[in-house]
Each structure stands twice: as C-alpha cells, then as structure tokens.
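Asks: Take this structure, written in structure tokens, and hold onto it; I'll ask about it next.
The values are calculated or read from the model by the stated rules, or taken from the named source; none is laboratory data. Worth saying up front: this structure is predicted, and the values here are computed from it rather than measured. FYI the Cβ positions are ideal-geometry reconstructions off the backbone, even for glycines, and counts take in every protein chain you see. Accessible surface is based on the protein model in full, side chains and every heavy atom, while ligands, DNA and RNA are left aside. Shrake-Rupley method; radii C 1.70, N 1.55, O 1.52, S 1.80 Å.
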Amino acid sequence: MADKLGQAPTRWARDYVFDILSELGIHHIFGVPGTNEIPIIDGTSYPENKVEYIECLHENIALGAAMGSARMTGLPGVLVVHVTPGIAHSIGNLFNASRSQVPLVILCCQQQNELVTQEPLLASNLVDLARQYTKWAHEVRAAEELPLVLQRAFKEAMAAPNGPVFVSIPWEFTMREIGADDKIKGVTRISPHFTGAPESIAQVANALKEARNPIIIAGDAVGYANAWPELQQMAELIGAPVLLQTFSAVANFPNDDSHWQGELPGTQAGVQGVFKDHDVAFLCGFSNQAQITIFKYSDGALIPPAVRQVYLSNNIWDIGKNYYGEAAVFGDIKATLPLINAQVGSAPSAPAAARNAKLAVLAAQRRVQWDKYFVEALAAPNILAVVIAQALREEIKQRSLNRKFVYVHEAVSDPAPFQYLLPFGTEGAAPISYYCVGGGSLGWSMPASLGIKLSPQGWQQIDAEFVVAAVGDGSSLFYPQTWWTAAHRKLAVLYIITNNHEYHTLQNGLQQLVAAYGTAPGYEWHPKDNNTDPSYLRIQSPVMDFVAIAKALGGLSGEVVDTPEGVKAAVRRGMDHVLQHQQAYVLDMRTAQNPPPPPSTDDDTGKQARQARAPVQPALNFFHQQGQLLAGAGPGDNQNAPVIF
C-alpha cells in the first residue's frame with residue numbers, strides 16, 4: 001500500500017487477507033465497525049484490493065449478508081466481527097450457516113495478545129463461543145502463523161461439505177509490517193467431484209432395482225451440487241415420489257416435475273406417514289434429518305424399521321447417523337448419481353412406468369385443487385399467501401425474469417404457496433433461485449437479501465436482477481436495521497411482509513404441545529384456561545407500521561395492502577420500483593389472522609370450525625396425503641407448514 005509520502009508501498013499483515021480475496025475473486029467484507037477491526041477495514045479503502053466493506057448495523061445482519069453472498073457466488077462469505085459482543089451477536093445466523101453448510105470465514109479481532117490473560121474489556125475465550133457451529137475454530141498464536149491459518153481457514157470453508165470457519169486474531173497482529181514479497185501463495189482447493197466406491201454403488205443400485213415402492217428424499221447436497229437432472233433421471237428410472245428435507249436451504253428438486261411432493265412434514269406422525277408404505281428409501285444428500293419439534297420414543301422411529309435405507313452423501317456424518325443404512329455411498333451427488341443410474345437401468349421397468357403415470361395424474365389433480373384454492377382465496381376477506389405467490393409468479397413470467405430472480409423465504413407460517421407456485425423449475429430457475437436455511441433461527445432472510453443483491457451473477461447461472469424476500473412480521477422485527485444498509489448501498493430488493501399480527505408458527509407449536517402432553521401421564525400440561533391463542537403470541541397493541549419503519553431507517557418507499565384484490569397491482573408497483581428505480585421497496589401485506597382453534601373431541605365440530613375460518617389449502621404431497629387439509633387442522637395434520645418453536 002502506498003505510504004510514507006513517496007516511499008515504497010508498505011504491506012502489513014492484514015494484507016494477507018486481501019491476497020486471498022484477490023486470488024479467489026471475493027469482493028466484499030461484511031461487518032459492524034469496531035476499533036480492533038479498523039486495520040482490516042482500512043484495507044478496503046485501497047482500490048487495488050477490489051474489495052468493498054459493507055457496513056451493517058448488527059453483526060447478525062452482517063453474517064446473514066455474508067451467507068447470501070456465499071450462496072450466490074459459491075465462494076466463502078467473509079465477515080469481520082468485534083471481540084466477544086461481535087461473535088455473540090452473530091450466533092443465531094452462525095447456527096443457520098452451520099446447519100445449511102454455507103461457506104464462511106469469520107475473522108474476529110481479539111484484544112491485544114499480551115493483555116488477554118488479564119481479562120480486559122470485551123475479551124473472552126472467543127474460540128469456545130464459535131466452536132460448536134464451525135468446521136474449525138482457532139485463535140492465532142503468533143503473528144508469524146497468520147498466513148498458515150488464513151490459508152487453512154479458506155481451504156476448510158470451501159472443502160466439501162462447505163461450512164463456516166472462525167479465526168480469532170489479536171488485533172495488533174494485523175498491523176505488523178511485512179515484506180513486499182511476503183504473500184500467501186494461494187489457497188488449496190479440493191475438488192468436490194469425487195465418486196463413491198464401485199461396490200457401494202452396486203449395493204445401492206441393487207436395492208433400488210429391487211424396490212416395490214421406493215421413495216427419494218432430496219437433501220441440500222443435491223441443490224448445492226446442481227444435480228437436478230441426475231436426480232430427475234433417478235426418480236424416473238425407479239418411479240419414486242421425491243420429497244425435500246424439511247427447511248431445505250435450496251430448491252433440491254424442480255417443482256415442475258411430477259415426482260416433486262414438497263418438503264417432508266414437520267411432525268413425528270407426519271414423517272412416519274410418508275415412509276410407512278415404502279419398502280426402500282433413497283436418502284440423497286439428506287443432512288438435517290430430524291426437523292421436527294416434538295418426538296416420543298414410545299411413538300416409534302421417524303423412519304419405520306421395515307423401510308430399507310440406502311444413502312448417497314458427500315458428508316460421512318450424514319450417512320446412517322440416526323438409522324442403519326444397508327447400503328451407503330460416500331461421494332459427490334452430481335458425479336455419483338449417473339453411475340448409480342447406469343446400474344439401475346437405461347429405461348424404467350414396467351412397475352416404475354406405472355408409478356410414473358400415477359404421479360403424473362396426481363400432479364394434474366394437485367394443480368386443479370390449487371387453482372380452485374386460488375380462486376377461493378381471491379374472494380376471501382383477508383389476504384392469503386397463495387394470492388401473493390400467484391402474483392409474483394405471473395409478474396416474473398410476464399417480465400421474462402426466468403433465471404433472473406432469487407426468492408428468499410422466511411414466511412415460515414405459510415411456505416407451501418411460494419414453494420409450489422413460484423417457477424422453481426428446469427426452464428426458469430436453478431437450486432439457488434430459492435434461499436432458505438436449515439437452522440430455523442429467525443431473522444436471517446432480510447440480511448441475506450443484501451449479500452444476494454451484491455452478487456448479481458450466481459454461480460449456477462442465475463442472475464439476481466430481481467430479488468424478493470417474503471418474511472413474516474415477527475421475523476422481520478428481528479433486524480429491520482437491514483433497511484439502512486439496503487438504502488445506504490442502493491440495493492433494490494422487494495420486501496414482502498406477510499403481516500398477520502401474530503406468531504402463527506408458535507400458535508401451531510402450542511397446539512402440538514397440548515396434543516403431545518395435555519393428557520400424557522406425569523405431564524398433563526395445558527396453557528391457562530386452555531387458551532391456544534394467548535395474547536403473548538400476538539403482535540399488536542400497537543400494530544407495527546412497517547412502511548414507516550423502512551422510511552425512518554432508510555428513507556425507503558412502500559405501501560400497505562389490505563385486501564386480496566389489491567395484491568397483484570401492489571406487487572406490480574413494487575417490482576416496477578425495484579427494477580426501474582433500483583431502490584428497495586416494502587409491501588406490508590395484511591394477511592389473515594388464523595390462530596388454530598382449540599382442540600376438539602368432536603370431529604364434526606372441528607370440521608365446521610375449519611370450514612368457517614378460511615379456504616382450505618390443498619396438500620403439496622398428493623402422493624401420500626391427497627385428502628389431508630391444512631387450514632385449521634390439528635397439529636398432526638399440518639403437513640404444509642413445519643413448526644419452529
């Protein structure tokens with residue numbers, strides 16, 4: 001760096017960071033400024049480094065934005081945080097990143113090395129704070145080891161399976177002067193495209209060929225590997241329905257394929273119901289395998305013992321970690337699936353062809369029911385999510401934004417309409433067109449939208465020309481400060497707040513608690529007065545004005561939408577604003593309040609209550625649950641909306 005008035009440029013140890021970022025083509029560092037971090041942040045002031053510092057107003061926003069950047073670029077997101085409060089504030093999204101296998105390198109500037117033992121202001125054992133949510137966590141012991149540690153950190157974040165890495169650096173180490181030729185030579189890159197052992201591939205293929213009624217579960221490793229075509233071929237060859245792991249981080253199978261059945265349900269009985277009639281389950285890249293909130297050993301395993309389980313994963317930990325797998329392949333999904341497919345056969349068998357035909361018929365029936373549900377929702381007094389999703393779908397198609405949009409999903413109370421109706425198909429999207437997280441810690445989506453929009457070209461040939469984030473009112477209130485960074489950096493994102501003035505997912509969770517423990521011996525727990533709609537699960541008195549919040553924090557524009565008939569025009573105005581004016585826009589969609597009814601022992605009474613409340617949302621998983629209904633259903637039937645406690 002040019003320094004000392006005409007003398008030769010000076011390099012400091014902090015420049016090792018920029019050596020790596022330059023080699024990898026990483027152009028953003030996210031963070032909240034602190035004095036200790038200024039030497040690193042200052043490095044972004046030099047144009048030759050080609051790195052921008054993206055200032056956020058909370059560390060969990062910065063980490064979420066780094067996650068969004070990583071998802072789009074396929075490279076590690078880089079975050080700089082400030083001592084104990086910095087990493088502590090980041091834990092929620094660090095947990096999400098760990099569960100979703102997002103590559104991150106978190107640089108935390110520790111207090112002065114010679115002072116740490118004396119427990120100075122803000123200092124603590126930073127490594128222990130981060131360790132359980134990272135692939136590797138380390139505090140630099142000497143300034144001389146900084147190149148070694150940084151090379152290892154980036155190597156490890158990018159090695160399969162990807163994940164976060166944490167490095168604590170005593171701040172004075174970053175300011176040490178180094179020689180002009182003292183540079184990190186590079187970062188070791190390990191190809192993820194390794195294939196499984198032939199004998200294991202043969203075992204899996206034989207089990208699938210022998211299956212009378214197979215099922216496929218597609219985990220996040222499928223989407224990260226960009227392996228839609230390979231898994232579609234597998235589904236066709238064996239005639240199997242495909243379900244995604246619950247809270248999938250990406251779109252792990254195209255929703256325009258008739259084999260697609262949405263995500264696994266979020267209850268013990270629901271998961272068991274999916275598997276119970278199948279003889280073979282192919283668990284492909286299936287990482288987060290127990291995404292439910294209540295489990296009783298007395299009610300049986302999630303996957304019944306009679307189901308033969310066969311695995312393919314690039315992560316040994318995920319293979320057979322909960323249940324015995326009689327055949328298992330350790331290998332890259334995209335590289336290994338063709339080898340399994342080749343052994344299964346070049347064309348479907350007669351039974352597989354019959355199952356494929358049945359799936360096609362069910363997909364057509366599902367479309368008819370969802371079309372009917374949309375018409376009913378348009379006539380409802382309040383906005384339902386299906387109306388928002390349909391409006392987005394139509395506008396994306398009319399504006400020819402296929403492969404030019406990214407949908408960020410944190411509308412956790414009602415995911416199905418967005419997952420089913422938005423064009424996450426082979427002609428219009430790629431796995432990273434859909435962004436969620438497997439951790440379930442709330443408040444990540446609005447921050448993620450920042451990093452996504454900063455990275456306009458996605459590594460799966462997806463553009464971020466149009467970025468839309470649908471987020472519940474409760475989740476949006478975690479980090480509305482996001483809107484300051486969006487305005488400060490002129491990041492044009494359409495934010496849709498599905499605002500029902502309640503924590504609907506928690507209301508569903510309360511019903512699950514009562515159903516599981518209300519009559520259980522030794523528990524018999526119930527809320528006061530058996531009230532399943534308590535005031536502490538409402539967000540009102542006063543009602544939040546999200547448009548005013550966005551204006552106050554970032555000078556952003558927006559509008560409140562109260563009725564179903566106003567949704568389509570509002571979505572069009574919002575998209576016009578972000579695409580033409582290149583500014584963020586907020587749509588406060590006043591969606592229907594829909595607290596679950598009190599548990600009833602009278603089936604007819606319960607049915608009448610459900611019918612009186614709202615149009616009934618059809619199931620996504622028609623193969624297993626054609627007759628199951630969502631709206632107002634009991635906790636065991638609520639298959640379209642997993643619960644986050």
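Asks: For the subset of the stretch 154-188 comprising residues that are closer than 21 Å to Leu79 by Cβ and without any contact (Cβ under 8 Å) to a residue 40 or more places away in the chain, which member is farthest from the chain's Cα centre (by Cα)?
Replies: Checked the stretch 154-188; the qualifying residue farthest from the chain's Cα centre (by Cα) is Lys155.
Asks: Is it the case that Asp277 is of a type in the set (Asp, Glu), out of contact with any Lys or Arg (no Cβ under 9 Å at 6 or more places or on another chain) and open to solvent by less than 30 Å² (accessible area, probe 1.4 Å)?
Replies: Against the criterion (of a type in the set (Asp, Glu), out of contact with any Lys or Arg (no Cβ under 9 Å at 6 or more places or on another chain) and open to solvent by less than 30 Å² (accessible area, probe 1.4 Å)), Asp277 does not qualify.
Asks: For the stretch 42-63, which residues satisfy the criterion of being free of Cβ contacts under 8 Å to residues at least 12 places away in the same chain and either closer than 26 Å to Leu553 by Cβ or hydroxyl-bearing (Ser, Thr, Tyr) (or both)?
Replies: The answer is Ser45, and nothing else.
Asks: With the requirement that a residue be crowded, with 20+ Cβ neighbours inside 10 Å and assigned to a loop (DSSP other than H, G, I, E, B), what does the stretch 206-215 give you?
Replies: Matches in the stretch 206-215: Ala211 only.
Asks: Restricting attention to the stretch 70-112, report how many residues are part of a helix (DSSP H, G or I) and aliphatic (A, V, I, L, M).
Replies: Residues flagged as part of a helix (DSSP H, G or I) and aliphatic (A, V, I, L, M) within the stretch 70-112 amount to 8.
Asks: Would you check if there is a residue in the stretch 522-531 being in contact (Cβ under 8 Å) with a residue 12 or more places away in the chain, aromatic (Phe, Trp, Tyr) and open to solvent by less than 10 Å² (accessible area, probe 1.4 Å)?
Replies: No, the conditions are met nowhere in the stretch 522-531.
Asks: Only residues that are surrounded by 15 or more Cβ atoms within 10 Å (Cβ to Cβ) and not in a helix (DSSP H, G or I): list them for the stretch 512-521, please.
Replies: Listed by number, the list holds a single entry, Gly518.
Asks: Still on this model: So which residues in the stretch 371-384 are among the aliphatic types (A, V, I, L, M) and either over 30 Å from Lys568 (Cα atoms) or in a helix (DSSP H, G or I) (or both), if there are any at all?
Replies: Val375, Ala377, Leu378
Asks: Give, as residue ranges, the helices (runs of 4 or more DSSP H) completely inside the stretch 523-621 that count at least 3 residues that are at pLDDT below 75.
Replies: 603-613
Asks: Another question about this same structure. Looking at (1) out of contact with any Leu (no Cβ under 8 Å at 6 or more places or on another chain); (2) over 27 Å from Asp256 (Cα atoms); (3) part of a helix (DSSP H, G or I); (4) open to solvent by less than 70 Å² (accessible area, probe 1.4 Å), find the lone condition where Phe173 falls short.
Replies: Of (1) out of contact with any Leu (no Cβ under 8 Å at 6 or more places or on another chain); (2) over 27 Å from Asp256 (Cα atoms); (3) part of a helix (DSSP H, G or I); (4) open to solvent by less than 70 Å² (accessible area, probe 1.4 Å), only one is false for Phe173: (1).
Asks: Kindly indicate whether Ser90 is free of Cβ contacts under 8 Å to residues at least 40 places away in the same chain, surrounded by 23 or more Cβ atoms within 10 Å (Cβ to Cβ) and not β-branched (Val, Ile, Thr).
Replies: yes
Asks: Kindly provide the set of residues from the stretch 372-397 that are loosely packed, with under 13 Cβ neighbours inside 10 Å and within 27 Å of the chain's Cα centre (by Cα), ordered by number.
Replies: Answer for the stretch 372-397, where residues must be loosely packed, with under 13 Cβ neighbours inside 10 Å and within 27 Å of the chain's Cα centre (by Cα): just Lys397.
Asks: In addition: Need the failing condition index for Val83 against (1) surrounded by fewer than 20 Cβ atoms within 10 Å (Cβ to Cβ); (2) over 15 Å from the mean Cα position of the chain (by Cα), just the number.
Replies: Just one mismatch for Val83, condition (1).
Asks: Hey, another quick one. Residues in the stretch 344-370 that are in contact with a Leu (Cβ under 9 Å, 6 or more places away or on another chain) and assigned to a helix (DSSP H, G or I): how many?
Replies: Counting residues in the stretch 344-370 that are in contact with a Leu (Cβ under 9 Å, 6 or more places away or on another chain) and assigned to a helix (DSSP H, G or I) gives 4.
Asks: Which of the residues spanning the stretch 115-141 are farther than 22 Å from Trp444 by Cα, in contact (Cβ under 8 Å) with a residue 24 or more places away in the chain and part of a loop (DSSP other than H, G, I, E, B)?
Replies: Within the stretch 115-141, Leu122, Ala123, Ser124, Val140 meet the criteria.
Asks: Tell me which residues, restricted to the stretch 481-511, are open to solvent by 20 Å² or more (accessible area, probe 1.4 Å) and either in contact with a Cys (Cβ under 7 Å, 6 or more places away or on another chain) or over 30 Å from Thr532 (Cα atoms) (or both).
Replies: Those that are open to solvent by 20 Å² or more (accessible area, probe 1.4 Å) and either in contact with a Cys (Cβ under 7 Å, 6 or more places away or on another chain) or over 30 Å from Thr532 (Cα atoms) (or both): Gln481, Trp484, Ala487, His488, Arg489, Lys490.
Asks: For the stretch 404-425, give me each residue that is open to solvent by 10 Å² or more (accessible area, probe 1.4 Å) and at pLDDT below 95.
Replies: Val412, Ser413, Asp414
Asks: So which of Ile215, Ile201 is more than 16 Å from Thr336 (Cβ to Cβ), among the aliphatic types (A, V, I, L, M) and touching a residue at least 24 places away in the same chain (Cβ under 8 Å)?
Replies: Ile215
Asks: Taking the stretch 447-480 on its own, how many of its residues are more than 17 Å from Leu392 (Cβ to Cβ), at pLDDT 95 or above and open to solvent by less than 10 Å² (accessible area, probe 1.4 Å)?
Replies: Matching residues across the stretch 447-480 total 5.
Asks: Restricting the search to the stretch 96-141, which residues are more than 29 Å from Asn315 (Cβ to Cβ) and open to solvent by less than 40 Å² (accessible area, probe 1.4 Å)?
Replies: Cys109, Gln110, Gln111, Val116, Pro120, Ala123
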